[in-house]
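J.: Dropping a structure here in structure tokens format, bear with me for questions.
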Amino acid sequence: MDILANLALGFGVALSPFTLTLAVIGCVLGTVIGALPGLGPSNGVAILIPITFTLGLDATSALVLMTSVYYGAMYGGRISSILLNIPGDEPALMTTLDGYPMAKKGRAGDALVLSGVASFVGALLATVGLMFLAPLLSRVAYHFGPAEYFALYLLAFCTLGGLASRNQAKAAIASCIGLGIAMIGLDNTSGMPRLTFGHLHLMDGVDFLVAIVGLFAVAEVFFFIESHGRNTSIGVRLERVTVPVRDIAASGWTMLRASGVGFIAGVLPGAGASLGSFLAYMSEKSIAGERGGFGTGVPRGVAAPEAGNNAAAGGALVPMLTLGVPGSGTTAVLLALLMTLNITPGPTLFTDRPEVVWGLIASLLIANFVLLLLNVPLVRIFVRVLQVPPWVLLPGVMMVSFVGIYSLSGSYFDLLLMVGFGALGYLLRKLDVPTVPIILGILLGNHMEDSLRRAMVLSDGDWTFLFSSPIAIGLWLAAVAGFVAPMFLRPLLRKPNAGSG
């Protein structure tokens with residue numbers, strides 16, 4: 001009954017005309033961003049975050065807008081995967097394996113509609129799972145002390161590189177860079193300046209939104225410039241768009257199984273939608289066997305990864321809201337947004353700010369239906385987004401980034417710092433070093449340091465206190481496993497991709 005009462009509170013917030021309008025706008029913008037190859041939800045949310053401050057949105061409205069963009073980008077990633085054989089983002093990689101072959105058979109419209117329905121099923125079930133699981137997990141989090149939180153933060157650092165990086169050592173280096181940036185400013189305990197080099201602008205530390213917009217949005221602009229403004233083009237022509245009722249019915253159980261697998265993968269800190277999509281596809285492929293024809297353009301091969309990655313996207317919100325630890329790169333950006341709005345995600349969020357949490361959940365339920373309506377009848381309009389030339393996108397992205405950051409701080413130094421982070425992001429991506437662990441280090445570095453200090457104070461300097469509870473030991477073991485597992489899973493992820501051409 002508590003859940004029904006809280007959900008009623010959430011719908012009271014979500015069904016206000018202003019909030020509903022923001023959800024629809026977020027869904028449209030997210031789908032457009034997801035359809036553009038290379039941008040993805042992380043970049044999309046990072047680019048649009050400054051708008052929330054320019055418009056002066058409150059916490060609930062800002063979170064509704066950004067999570068609608070998040071869900072919309074997960075939907076939109078399938079468009080370029082199916083038509084161009086280019087994943088809109090990494091989780092959409094598995095969709096290319098059967099989506100593009102299906103399009104080459106003249107069934108591009110069927111593949112797009114089927115993937116839209118599968119995305120709806122995965123995202124809807126994940127939102128329902130978030131509704132029931134998050135309050136339970138928040139109660140468990142009340143048992144967390146400084147040792148448990150330190151181990152939890154370590155787990156996030158060990159796993160967030162995950163499958164997104166080709167090299168775990170580079171992911172570890174990126175985490176260390178982020179932790180180093182987090183140390184800039186005044187020490188929380190002694191008040192002594194650290195790594196400021198006598199610069200007054202650095203006394204307050206580095207604003208993580210400046211770093212996020214620089215590493216994602218500005219770096220993306222630099223890559224556009226490097227490509228010399230080459231226009232995108234449609235790889236497969238989109239013919240008649242119909243609703244493939246038979247394929248949808250035949251893929252029903254596939255969508256349900258893939259949604260379950262994807263949601264579990266999303267709840268694990270750092271696993272994210274990439275692993276959810278991969279596990280969903282491979283599990284269905286093993287169930288179907290050789291006669292299933294996976295990789296040749298079968299509908300189940302499109303439905304499974306789309307349901308899996310959208311369910312994982314919803315599952316990634318669970319650890320972010322209940323533990324304050326992002327479950328994916330995009331939720332790391334959302335975490336930064338919450339912290340900027342003076343909202344601390346964690347077990348107390350559900351009791352201190354229920355209107356934020358349940359307003360978000362209700363808005364996500366509404367957004368799923370909005371996205372289904374947008375992605376079936378209006379799919380032709382979103383396909384045209386792939387033909388937008390970069391010279392139109394470049395000025396818009398830069399304008400939003402500069403205006404948003406300046407309206408937030410009013411400091412020219414932050415603008416220069418943002419450009420500097422953009423150059424750093426460009427360089428790191430050229431070196432194949434992931435940027436998400438850097439963001440995580442900036443976000444959680446001070447919290448991790450405070451937890452370690454409190455643990456040492458409580459134990460009088462005894463480091464074994466960090467392993468003093470079953471929860472802490474379990475988190476340490478999970479951290480080790482999360483760091484090692486991708487070394488074995490990554491080759492498996494590449495094998496199906498290798499044969500996709």
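J.: Which one is farthest from the chain's Cα centre (by Cα), of the residues in the range 322-331 that are closer than 13 Å to ALA126 by Cβ and open to solvent by less than 10 Å² (accessible area, probe 1.4 Å)?
T.: Of all residues in the range 322-331, those closer than 13 Å to ALA126 by Cβ come to 327-328, 331.
Remaining after also requiring open to solvent by less than 10 Å² (accessible area, probe 1.4 Å): 327, 331.
Working: GLY327: 8, THR331: 5 Å.
Restricting to residues being closer than 13 Å to ALA126 by Cβ and open to solvent by less than 10 Å² (accessible area, probe 1.4 Å), the top hit is GLY327.
J.: Against the condition hydroxyl-bearing (Ser, Thr, Tyr), at pLDDT below 80 and open to solvent by 30 Å² or more (accessible area, probe 1.4 Å), how does THR54 come out, does it pass?
T.: Details: hydroxyl-bearing (Ser, Thr, Tyr): yes; at pLDDT below 80: yes; open to solvent by 30 Å² or more (accessible area, probe 1.4 Å): yes.
Judged against the criteria, THR54 is a match.
J.: Can you tell me which condition GLY38 does not meet? The list is (1) in contact with a Lys or Arg (Cβ under 6 Å, 6 or more places away or on another chain); (2) at pLDDT below 75, and all the others hold.
T.: Going through (1) in contact with a Lys or Arg (Cβ under 6 Å, 6 or more places away or on another chain); (2) at pLDDT below 75 one by one, GLY38 breaks only (1).
J.: Spot the failing condition for GLY10; the list is (1) out of contact with any Phe, Trp or Tyr (no Cβ under 6 Å at 6 or more places or on another chain); (2) open to solvent by less than 60 Å² (accessible area, probe 1.4 Å), and only one is missed.
T.: The number of the failed condition is (1).
J.: Sticking with this structure for a sec: Which of (1) in contact with a Pro (Cβ under 7 Å, 6 or more places away or on another chain); (2) closer than 20 Å to LEU9 by Cα does ASP352 not meet, given it meets every other one?
T.: Among (1) in contact with a Pro (Cβ under 7 Å, 6 or more places away or on another chain); (2) closer than 20 Å to LEU9 by Cα, the lone unmet condition for ASP352 is (1).
J.: Still on this model: Go through the range 430-449 residue by residue and tally those that are among the charged types (D, E, K, R) and open to solvent by 50 Å² or more (accessible area, probe 1.4 Å).
T.: Summing the residues that are among the charged types (D, E, K, R) and open to solvent by 50 Å² or more (accessible area, probe 1.4 Å) in the range 430-449 gives 2.
J.: Going through LEU427, LEU452, LEU417 one at a time, which residue ends up being part of a helix (DSSP H, G or I), out of contact with any Gly (no Cβ under 8 Å at 6 or more places or on another chain) and surrounded by 15 or more Cβ atoms within 10 Å (Cβ to Cβ)? Before you say what the answer is, go through the steps one by one.
T.: Values: LEU427 fails: surrounded by 15 or more Cβ atoms within 10 Å (Cβ to Cβ); LEU417 fails: out of contact with any Gly (no Cβ under 8 Å at 6 or more places or on another chain).
Criteria check complete, one pass: LEU452.
J.: Taking GLY180, is it surrounded by 21 or more Cβ atoms within 10 Å (Cβ to Cβ), at pLDDT 80 or above and either outside any helix (DSSP H, G or I) or not hydrophobic (A, V, I, L, M, F, W, C) (or both)?
T.: So GLY180 does not fit the description; no.
J.: Could you tell me which of the residues VAL218, VAL206, VAL243 is modelled with pLDDT of 80 or more and surrounded by fewer than 24 Cβ atoms within 10 Å (Cβ to Cβ)? Explain how you work it out, then say what you get.
T.: Working: VAL218 fails: surrounded by fewer than 24 Cβ atoms within 10 Å (Cβ to Cβ); VAL243 fails: modelled with pLDDT of 80 or more.
Going through VAL218, VAL206, VAL243 in turn, the sole match is VAL206.
J.: Out of all the residues in the range 262-313, which are more than 26 Å from ARG246 (Cβ to Cβ), of a type outside the set (A, V, I, L, M) and at pLDDT below 85? Outline the logic, then answer.
T.: From the range 262-313, those more than 26 Å from ARG246 (Cβ to Cβ) are 263-276, 278-279, 312-313; that's our starting set.
Remaining after also requiring of a type outside the set (A, V, I, L, M): 263, 266, 269-270, 272, 274, 276, 278.
Once the filter is applied, which keeps residues that are more than 26 Å from ARG246 (Cβ to Cβ), of a type outside the set (A, V, I, L, M) and at pLDDT below 85, the range 262-313 yields GLY266, PRO269, GLY270, GLY272, SER274, GLY276, PHE278.
The values are calculated or read from the model by the stated rules, or taken from the named source; none is laboratory data. Small disclaimer: the values here were computed from a predicted structure and weren't measured. For neighbour counting, all protein chains shown are included, and Cβ atoms are generated from backbone atoms with ideal geometry for every residue, glycine included. Keep in mind that these areas ignore ligands, DNA and RNA; they rest on the heavy atoms of the full protein, side chains included. Shrake-Rupley method; radii C 1.70, N 1.55, O 1.52, S 1.80 Å.
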